[in-house]
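These notes concern the structure reproduced below.
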Amino acid sequence: MDNKINWGITKDLQADIRYEPNACKNYVMDMSLGCPHHCLYCIFSPLEMKAYQLQNPDYKEETVLLKLDRFLEREDFPPCVYLSYSSDPLGNEDIIKSTITVVNRLLEHNVNILFVSKGIFTDGILEAFAKKPEYIHVQVDVTSADQYRNSIVEPYAASYEERMNNVKKLASIKGLGNLNVRIDPMLPNIDDQPENIKKVAGDALRLGATEVIAGYVLVTGTVKQAWMKNEFLRPCAEALSEVTPTISGQQLFSLPFDDKLERLTRVEQLCKEVGIKMACCGCKDVRLKQTDFEWICHPFNRQMREKMMKENPGYVLETEHLK
Ligand code: SF4
């Protein structure tokens, strides 16, 4: 597989596995160009759409279901794939159908799947997971229990109750590789209130998740400016005053590092109080890797990557950034 930087989704709108240096230096696959959830903070979905528009000026920045022909012809598979990098694998009914086809085929080839979603895990997707659950590593993305916040920030994603119900359904699959709740991206001063963290972490634990992954939002300069004009989002935008060193190297704003550390330590303590462990994402702010927080490069951490590479000669899974 080619490890060069790519321009994401190809000109002919084929979904296929690609190496993505900005996504945990991992193999990724999107079933759609664009994402029907339209989260206010989303970075990668608009970026992929812009990249596609550069090559196709008539494209109107809509969500487009990608074709699976090339993927279905593929005969070689990397040891792990992240679903999905710049979209949600459960974005809508058509996307879910494609995702079921993709999951089935990946599992036929014993590929580990990191699956992150704010959608609804349907019976079809749960049945697909149950075929080889040990290869499935899920993060159900639930940052806030506040319906008003969710209606503004994640307007088309599943509701809090639906996402927590996903956790319950997934927990009933015996032998699932990982089941975590992702409290990420948190909007500072909006989502990191103790009552919210305790509610989300407590429900996650009660319904069967084993860990939470916490992280703060990163936004582009344009998004920050827009949020400064919005009464609800301004307290968050004002706090996002530092350009953050990320794995992608893109100019993105987040909390100043000391403030971020202090807040994450508080979140970790709140998680401890409800009885669940917290990890965080080291690719969103590489300085987190120098802290005592456990960082999210598990389930594909250094040890696992070395093992997968040994078993899959010809595939490179970088480990340098995991030191
Ligand atoms: S679900 Fe993910 S990919 Fe889709 S809009 Fe939200 S953040 Fe972007």
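Read-outs: derived from the displayed coordinates by stated rules, not from any lab. Please read all numbers here as calculations on a predicted model, not as lab measurements. Glycine gets a Cβ as well: all are built from the backbone with ideal geometry, and neighbour counts include every protein chain shown.
A few points about this structure:
- Intensity falloff of the chain expressed as log10 I(q)/I(0), Debye formula with alpha-carbon point scatterers, at q = 0.09, 0.14 Å⁻¹: -0.43, -1.15
- Gap separating the Cα centres of the stretch 189-230 and the stretch 112-135, nearest whole Å: 23
- Peptides 58-69, 231-242 ranked from most to least packed give 231-242, 58-69, packing being the mean of other C-beta atoms within 10 angstrom over each peptide's residues.
- Report note on the peptides 41-49, 262-270: ranked by the mean count of other C-beta atoms within 10 Å, highest first, their order is 41-49, 262-270.
- Exposure proxy ranking, count of Cβ atoms within 10 Å, fewest first, for Asp259, Asp12: Asp12, Asp259
- Within a Gaussian network of the chain (alpha carbon springs, distance under 10 Å), most fluctuating of His37, His109, His137: His109
- Over the residues of the chain, the helix contribution to mean residue ellipticity at 222 nm works out to -11000 deg cm²/dmol, using -39500 (n - 2.57) for each DSSP H run of at least 4.
- Under 15 Å between alpha carbons - lysine pairs in the stretch 188-314 that sit 8 or more apart or on different chains: 6
- Using only the C-alpha atoms, the convex hull of the stretch 155-249 corresponds to 131 Å³ per residue.
- Based on Cα contacts under 8 Å between residues 6+ apart, the chain shows a relative contact order of 14 percent.
- Cross-link partners of Lys169 among lysines (Cα-Cα below 17 Å; sequence separation of 8 or more within a chain): Lys118, Lys131, Lys132
- Interchain or long-range residues, amide H under 5 Å from Leu179's placed H: Val138, Thr210
- Between the stretch 28-71 and the stretch 79-105, the C-alpha centres lie 14 angstrom from each other.
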